[in-house]
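The values are calculated or read from the model by the stated rules, or taken from the named source; none is laboratory data. From a predicted model like this one, the values you see are computed outputs, not experimental measurements. For neighbour counting, all protein chains shown are included, and Cβ atoms are generated from backbone atoms with ideal geometry for every residue, glycine included.
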Amino acid sequence: MNNLRELIRVYFIMGSPNCYKEPKAVLKEAIAGGITLFQFREKGDGALSGAEKLTLAKELQVICKENHIPFIVNDDIELAVAIGADGVHIGQEDGPVKTVRERIGDMTLGVSVHSMEEAIIALQNGADYFGIGPIFPTKTKEDAKPSKGTSLIETLRKNGYTIPIVGIGGITSENAASVMEAGADGVSVITAISHAESPREAAKAIRKNVGE
Ligand code: 3NM
């Protein structure tokens, strides 16, 4: 993906368990509000699987395509390859970065990292960007680690790492600017947009506060 650094600026993540309203409607509103990239993450209580998950993925992908918004799939590499997604995002528990890179070819690959060691390994094995979190406390990911603020982002930048970085975990329009100031290129957000009364206004406020 060209200009990945700009594309991850307002990085919206969502699956059906994160939505009070219909996921397609939430995504359309978020796009209208100015998100720059979308990740399909169908996880948690009531998450769809099999054919239903595939159908929703394709529907959301069509909306992204119509609006020129990159479509990234969380964890499910086979789904990403099957539907021709723009990229995949994996955590540390999703197998070696190298194996995933080999499977997906030149699709964009995001990796969640929590330490300098994980960051170096991910970079050496083909990560295109890092997800770093949780920056602030979050209730959205049950197995999230304790929040650590922006220290790892700052350490990576101080040590000269220029890879695109997106912060995640408890990010809202109020605290988004502090994540950018620490050296991130963008903010990943679930509930601040998906649970908002107006996902459009929520996305717009975040976009404004990360610098348009
Ligand atoms: N990953 P919200 S935190 C999906 O730390 C995810 O890697 C995290 O949701 C990590 O924006 C998180 O609602 C949940 O806090 C983010």
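Please tell me if residue 204 is closer than 20 Å to residue 42 by Cα and not aliphatic (A, V, I, L, M).
Values: closer than 20 Å to residue 42 by Cα: no; not aliphatic (A, V, I, L, M): yes.
No.
For segment 55-103, the set of residues classified as farther than 18 Å from residue 128 by Cα and in contact (Cβ under 8 Å) with a residue 40 or more places away in the chain consists of 56 only.
Taking the criterion of being part of a loop (DSSP other than H, G, I, E, B), of a type in the set (Ser, Thr, Tyr) and either surrounded by fewer than 21 Cβ atoms within 10 Å (Cβ to Cβ) or modelled with pLDDT under 95 (or both), would at least one residue in segment 178-197 satisfy it? Looking through segment 178-197, none of the residues is part of a loop (DSSP other than H, G, I, E, B), of a type in the set (Ser, Thr, Tyr) and either surrounded by fewer than 21 Cβ atoms within 10 Å (Cβ to Cβ) or modelled with pLDDT under 95 (or both). Look at residue 88 and say whether it is more than 9 Å from the ligand (Cβ to nearest atom), part of a strand (DSSP E or B) and in contact with a Leu (Cβ under 9 Å, 6 or more places away or on another chain). Considered against the rule, which asks whether it is more than 9 Å from the ligand (Cβ to nearest atom), part of a strand (DSSP E or B) and in contact with a Leu (Cβ under 9 Å, 6 or more places away or on another chain), residue 88 comes out as yes.
Please work out if residue 186 is within 26 Å of residue 44 (Cα to Cα) and within 12 Å of the ligand (Cβ to nearest atom).
On the way: within 26 Å of residue 44 (Cα to Cα): yes; within 12 Å of the ligand (Cβ to nearest atom): no.
No, not satisfied.
Does residue 198 satisfy the criteria of being in contact (Cβ under 8 Å) with a residue 40 or more places away in the chain and either more than 9 Å from the ligand (Cβ to nearest atom) or farther than 19 Å from residue 33 by Cα (or both)? I'd like the intermediate steps shown before the answer.
Details: in contact (Cβ under 8 Å) with a residue 40 or more places away in the chain: yes; either more than 9 Å from the ligand (Cβ to nearest atom) or farther than 19 Å from residue 33 by Cα (or both): yes.
Yes; evaluated as a whole, the condition is true for this residue.
Please indicate, with yes or no, whether at least one residue in segment 202-212 is surrounded by 16 or more Cβ atoms within 10 Å (Cβ to Cβ), more than 19 Å from residue 33 (Cα to Cα) and of a type outside the set (Gly, Ala, Ser). Within segment 202-212, not a single residue is surrounded by 16 or more Cβ atoms within 10 Å (Cβ to Cβ), more than 19 Å from residue 33 (Cα to Cα) and of a type outside the set (Gly, Ala, Ser).
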